[in-house]
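Read-outs: derived from the displayed coordinates by stated rules, not from any lab. Source: prediction; values computed, not measured.
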Amino acid sequence: MRFSPTFAVINSGQNQASAIISGTDALAVRRKIMSLEKAVQSYGLPGIEELTTAGRSLVLEYDPSLWTHASIKAALIALESTIAQPVESPPAQLFEWPLLLESEETDLELAAAASELTPEAFIARLTRRTHIIQDFTLPGLSPQLFRRDFRGLSAGYRPREIPRQIPSGSLTLCSEGFAVTAAETATHDLVIGRVPAACLDPETASFRIGDRIRFQTDQR
């Protein structure tokens, strides 16, 4: 039986191919990437110069004297049959996350002002609603939340002249909606709170598109 969802292999650069995983189950996509990576490594394919994962893709750089795009694509598709069918993820879930508010590390006042609210009212609005995971950057790691109809959202986006490092586990406000930053990245987003690292553990995260999250304030 073939693995579902299957993947597409594209030519993503000179001597480079990407296997792009499809599907809406974040955990299943991540498992598929990891299984495919292990399969390539286990079979010891010659001429694979570099193997990396990026989002929902497995990227291979290969020796052009040994491989063409067509042959590397055929090899990856053949490896698909060696990958075990993963256990299905559970139905959509509701998560309750404590939201840590540390004023010295947040842009809460700026984000609230953009919506013409006090910081207290802004947090009250954030915590009384249930938010949906609509997309993700890294499967199972960086769920992109949430309400694209949030009033004043675009106004709350204030690009800074110099990108800064956002602390791991930060809840940010950006032009696309609320987002949980699972790793430190250079970004222009407004930091409006922190989520405990345990909520974003890459070994245990099992977020799916359609899962919902409710935030609870936790003043520390």
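Observations
- Fully extended contour minus Cα-Cα distance, from Thr130 to Glu109, at 0.36 nm per residue: 5.4 nm
- Amide hydrogen proximity for Thr187: with H placed 1.01 Å from N in the peptide plane, the residues at 5 or more positions away or on another chain lying under 5 Å are Arg164, Ile166.
- Full-extension gain in nm, Thr68 to Gln41, via 0.36 nm per residue minus C-alpha separation: 7.8 nm
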